[in-house]
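K.L.:
Structure incoming, see below.
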Amino acid sequence: EYITSYYYNKLELTRFSSSVGKYVGFTEYGVKIAADWNKDASELSAMKAQKEVYCLHNIQIDYTAALTKS
């Protein structure tokens, strides 16, 4: 799962989760930001593609490293 969170003053405003597939806001301001970002289809598709770039590419490396240390 790929997650990107945006914080201000140690307070989480918004989060993108690849399992949800969209931005979710946690404050009043964060909800407004998330709604604007969710309207942009290119932004959502770019964030969904990040899962393939970061997660799927490294999963075998991380899995192998964890097994060899246990």
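K.L.:
Could you check the range 27-51 and list, in sequence order, the residues that are assigned to a loop (DSSP other than H, G, I, E, B) and within 22 Å of Y8 (Cα to Cα)?
P.N.:
Matches in the range 27-51: T27 only.
K.L.:
Filter the range 4-30 down to residues that are among the β-branched types (V, I, T) and touching a residue at least 12 places away in the same chain (Cβ under 8 Å) and give me whichever is farthest from A49 (Cα to Cα).
P.N.:
So, considering only residues that are among the β-branched types (V, I, T) and touching a residue at least 12 places away in the same chain (Cβ under 8 Å), the one farthest from A49 (Cα to Cα) is T27.
K.L.:
Only one of (1) modelled with pLDDT of 95 or more; (2) part of a helix (DSSP H, G or I) is not met by Y54, so which one is it?
P.N.:
(1)
K.L.:
Restricting to the range 34-70, name every residue that is open to solvent by less than 70 Å² (accessible area, probe 1.4 Å), under 15 Å from the mean Cα position of the chain (by Cα) and not polar (S, T, N, Q).
P.N.:
Within the range 34-70, A34, E43, L44, A46, M47, A49, C55 meet the criteria.
K.L.:
Of the numbered conditions (1) hydrophobic (A, V, I, L, M, F, W, C); (2) open to solvent by less than 30 Å² (accessible area, probe 1.4 Å); (3) in a strand (DSSP E or B), V24 fails exactly one; give the number of that condition.
P.N.:
Tallying (1) hydrophobic (A, V, I, L, M, F, W, C); (2) open to solvent by less than 30 Å² (accessible area, probe 1.4 Å); (3) in a strand (DSSP E or B), V24 fails exactly one: (2).
The values are calculated or read from the model by the stated rules, or taken from the named source; none is laboratory data. Keep in mind the model is a prediction, meaning the values are calculated, not measured. Methodologically, a virtual Cβ is constructed for each residue, glycine included, from the backbone with ideal geometry; neighbour enumeration extends over all protein chains shown. Accessible surface areas use protein heavy atoms only, side chains included; no ligands, DNA or RNA. Shrake-Rupley method; radii C 1.70, N 1.55, O 1.52, S 1.80 Å.
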